[in-house]
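The values are calculated or read from the model by the stated rules, or taken from the named source; none is laboratory data. Here the structure is a predicted model, which means the values were calculated and not measured. All Cβ positions, glycine included, derive from the backbone under ideal geometry; neighbour counts span all protein chains shown.
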Amino acid sequence: MTEKLLSIHELTKSIGSITPVKGISFDLKRGGCTALLGPNGAGKTTTLRMLAGLIPPTRGEIKHGSADKQTNDWRHRIGYLPQYPKFYSWMSGKEYLSFSAKLSGLSGQKALQRSQEVIEMVGLQQASKRRISGYSGGMKQRLGIAQALVHEPELIMLDEPVSALDPIGRREVMDLLNRLRGEVTILFSTHVLHDAEEICDDMVLMVDGEIAEKGALSELRTKYRQPVLSIEVEPGERELAWLHGLSKRSFVQEAEVGKHRAKLTVTDMGAARAALIKELADNGIELLRFEAGTSSLEDMFMKVVGP
């Protein structure tokens, strides 16, 4: 059985008349990677700030597996990267990491040694002596992850680590997180479903301050997986009329119909495929694409989050 690193029970945060986090409970597995998913305003950042010890919860309990039994102080075992990290731009990357290491309690020699280790880990060796003001967005984000790792934490928490990056910077950071899997427990917030699918084992989906769904990614895929048909036809009045009539078929549960495309969630893939291919042939519908598959994590997200 996988050991729990962090247990969160009925965690709540109220600010005046507003309650951005409403009694959430979940566990983090040691060495695992968990995505904290949700639309903007779901309460993800407030949750991370409470777990990092930056703000106190109004109610609830946070238990860390390596906390001191008397103080339950887990903060020295956590690395945290906010959504918009700030740096001393006049420092070099190596100077900044050494400074961060010393703030975390490492001695001078140990701070220098550990700074060099994490610089290599995040791939910034060649830029380590350059001023941070000359770093790209992806380099700054990798430097931010390095400062979260410099004191050898058991858990790193990252708030939207790739949201502000261009495609190259995003790829750099996602590759780094992939390499860190298993070496350290990772919790990161995002509203990008593809990022969660790429590297995470578990998922916690928040909506309006509450947990709408949680569990292993594989289990959630199985729970929400449904047969889906994607159809694209040539532009034409006959084709468009046929597409709009698809929602009336007995085997169609849901239909999303566009100008020349339709996405159908069906009850029986075999029956739906046979019937529709026959209709296409009988009615002379000019087909561009006919694809059978299953619903995605994004479909699950929209179903849980949607009205």
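For every residue, the table says whether it meets (1) surrounded by 13 or more Cβ atoms within 10 Å (Cβ to Cβ); (2) of a type in the set (D, E, K, R); (3) touching a Pro at 6+ places or on another chain (Cβ under 8 Å); (4) not in a strand (DSSP E or B).
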site	(1), (2), (3), (4)
GLU239	yes, yes, no, yes
LEU243	yes, no, no, yes
SER247	yes, no, no, yes
GLU279	yes, yes, no, yes
ASP282	no, yes, no, yes
LEU288	no, no, no, no
GLU291	no, yes, no, no
Lone qualifier among GLY108, GLY31, GLY16, GLY43 - being within 20 Å of ILE156 (Cα to Cα) and either free of Cβ contacts under 8 Å to residues at least 40 places away in the same chain or crowded, with 20+ Cβ neighbours inside 10 Å (or both): GLY43
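Looking at segment 130-154 only, could you name the residues that are among the acidic types (Asp, Glu) and in contact (Cβ under 8 Å) with a residue 40 or more places away in the chain? Can you show your working first?
At the first step, the residues of segment 130-154 found to be among the acidic types (Asp, Glu) are 152, 154.
Answer for segment 130-154, where residues must be among the acidic types (Asp, Glu) and in contact (Cβ under 8 Å) with a residue 40 or more places away in the chain: just GLU154.
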Hey, among ILE8, ILE15, ILE24, which residue is under 23 Å from ARG181 (Cβ atoms) and of a type outside the set (D, E, K, R)? ILE8
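Condition first: among the small types (Gly, Ala, Ser), within 24 Å of VAL266 (Cα to Cα) and at pLDDT below 90. Now tell me which residues in segment 193-242 satisfy that. Can you show your working first?
Here is the first cut: in segment 193-242, the residues among the small types (Gly, Ala, Ser) are 196, 209, 212, 215-216, 218, 230, 236, 241.
Those still in the list that are within 24 Å of VAL266 (Cα to Cα) too: 218, 230, 241.
SER218, ALA241 - these are the residues of segment 193-242 that are among the small types (Gly, Ala, Ser), within 24 Å of VAL266 (Cα to Cα) and at pLDDT below 90.
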Find the residue count for segment 258-307, including only residues that are aliphatic (A, V, I, L, M) and either in the same structural domain as LEU36 (by TED's automatic domain parsing) or under 29 Å from the mean Cα position of the chain (by Cα) (or both). 9
Residues in segment 209-227: is at least one more than 30 Å from MET174 (Cα to Cα) and either without any contact (Cβ under 8 Å) to a residue 24 or more places away in the chain or in the same structural domain as ARG30 (by TED's automatic domain parsing) (or both)? no
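Tell me yes or no: at least one residue of segment 38-45 is outside any strand (DSSP E or B), in the same structural domain as MET174 (by TED's automatic domain parsing) and more than 24 Å from HIS191 (Cβ to Cβ).
Initial filter on segment 38-45 (outside any strand (DSSP E or B)): 38-45.
Still in the running and in the same structural domain as MET174 (by TED's automatic domain parsing): 38-45.
Still in the list and also more than 24 Å from HIS191 (Cβ to Cβ): none.
No - not one qualifying residue is present in segment 38-45.
What are the residues in segment 207-229 that are assigned to a strand (DSSP E or B) and surrounded by fewer than 18 Cβ atoms within 10 Å (Cβ to Cβ), if any? Walk me through it before giving the result.
As a first pass, look at segment 207-229 and keep what is assigned to a strand (DSSP E or B): 207, 210-216, 227-229.
Within segment 207-229, GLU210, ALA212, GLY215, ALA216 qualify.
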Identify, please: which residue in segment 125-175 is charged (D, E, K, R) and assigned to a helix (DSSP H, G or I) and is, among those, farthest from the chain's Cα centre (by Cα)? LYS140
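Residues to consider are SER133, SER115; find the one that is crowded, with 18+ Cβ neighbours inside 10 Å, assigned by TED's automatic domain parsing to the domain that holds GLY23 and of a type outside the set (A, V, I, L, M, F, W, C). Break it down stepwise before answering.
On the way: SER133 fails: crowded, with 18+ Cβ neighbours inside 10 Å.
Only one candidate passes the filter, namely SER115.
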Determine, yes or no, whether SER100 is within 16 Å of LEU149 (Cα to Cα), over 18 Å from the mean Cα position of the chain (by Cα), among the hydroxyl-bearing types (Ser, Thr, Tyr) and at pLDDT 90 or above. yes
Please enumerate the residues belonging to segment 266-291 that are of a type in the set (Gly, Ala, Ser) and touching a strand residue (DSSP E or B) at 6+ places or on another chain (Cβ under 6 Å). ALA272
State which residue is modelled with the lowest pLDDT when the search covers only segment 56-97 and only residues that are part of a helix (DSSP H, G or I) and under 23 Å from the mean Cα position of the chain (by Cα). ARG75
Any residue in segment 281-307 that is closer than 19 Å to GLU219 by Cβ sitting within a Cβ distance under 9 Å of a residue that is part of a helix (DSSP H, G or I) and of a type in the set (Lys, Arg)? List the pairs, counting only those 6 or more apart or interchain. THR294/ARG221; SER295/ARG221; SER295/LYS303; SER296/ARG221; LEU297/ARG221; MET300/ARG221; MET300/LYS223
